[in-house]
Amino acid sequence: MTSKQDIIVAGGGRVGLQTARLLADRDNDVSIIEPDPDVVDEIADEWIATVIRGDASTPDIQKQAGVEGADAIAALTGHAGLNLAICLVAKELNPEIRTVTRIEEATGEAYAEFVDGVVFPEHAGARVAANEIVGSDVQTLADVTGRIDVMQIRAQEGAPAAGKTLSEVRFPAGALVVSGEEGEQIAQPETVIEPGKRYVVAVDPDVADEVMNLLRG
């Protein structure tokens with residue numbers, strides 16, 4: 001079972017771009033929708049994924065981004081009302097899609113009944129936004145330094161590391177499994193990676209894809 005998701009990020013500003021980078025680091029396919037041509041050009045210069053210029057609340061633009069086959073859409077513009085509209089359009093086009101909207105702190109509860117997840121990135125940061133978008137199987141727990149993430153990852157049946165001890169799995173340099181299953185003990189060489197269990201891993205973003213592939217396939 002693969003952990004890769006097709007995710008659309010609406011809004012290419014600071015929050016949207018940071019969140020998109022984190023999602024891509026986790027081996028997801030990410031598309032960005034942004035109406036400002038200057039911002040689109042800036043993103044395109046450094047971004048290898050799809051960048052679409054347009055109004056993300058427009059059905060045609062969402063279809064161009066592949067909303068009908070996407071797993072999630074995150075509306076991360078600076079306008080809460082627009083974000084809600086984007087999510088409602090996406091849900092109409094793809095009832096199975098996970099919708100996450102950026103909100104203003106005071107209005108969070110009002111929006112929660114219309115979308116699957118709400119985030120307030122000014123308070124929580126892009127990592128929490130990324131966690132909300134992909135769901136609960138992969139969570140970034142903390143910023144340790146500017147480079148290292150501490151992540152909690154649920155191992156999947158059929159993944160390369162599933163059923164093996166840590167001594168049998170060749171994790172890349174820059175990754176360290178910290179805890180055994182469900183964080184109940186410090187990981188040891190004889191710790192077995194059991195499908196369905198969660199493991200805390202310290203990882204350099206440069207090798208995050210490889211770690212995710214080992215644990216989730």
Dimensionless Rg/Rh of the range 1-103 - Kirkwood Rh, Rg from C-alpha atoms: 0.93
The lysines whose Cα lies under 23 Å from the Cα of LYS164, excluding any fewer than 8 residues away in the same chain, are LYS4, LYS197
Cα-based equivalent ellipsoid of the range 1-45: semi-axis lengths in Å, sorted from largest, via gyration tensor: 21, 9, 8
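Residues with beta-carbon under 10 Å from that of ILE33, excluding ILE33: net charge, scoring Lys, Arg +1 and Asp, Glu -1? If you can, show how the numbers build up before the last one.
On the way: positive: ARG53; negative: GLU34, ASP55.
Charge balance near ILE33 sits at -1.
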Residue by residue through the range 66-75, the couplings from Karplus 6.51 cos²θ - 1.76 cosθ + 1.60 with θ = phi - 60°, in Hz, x for Gly and Pro, are x, 4, 5, x, 7, 8, 7, 10, 10, 8
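All other residues with a Cβ under 9 Å from the Cβ of ALA72 taken together, and with Lys, Arg as +1 and Asp, Glu as -1, what is their net charge? If you can, show how the numbers build up before the last one.
Values: positive: ARG98; negative: ASP6, ASP71, ASP116.
Taking every Cβ under 9 Å from that of ALA72, the sum is -2.
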Taking amide H positions as placed 1.01 Å from N in the peptide plane, with prolines and chain starts having none, which residues 5 or more places from ALA10, or on another chain, fall under 5 Å of its amide H? ILE33, ALA74, ALA75, LEU76
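Coordinate-derived values only; no laboratory data. Here the structure is a predicted model, which is why all the values come from computation and not from measurement. Counting neighbours? That spans all protein chains shown, and the Cβs are built from the backbone with ideal geometry, glycine included.
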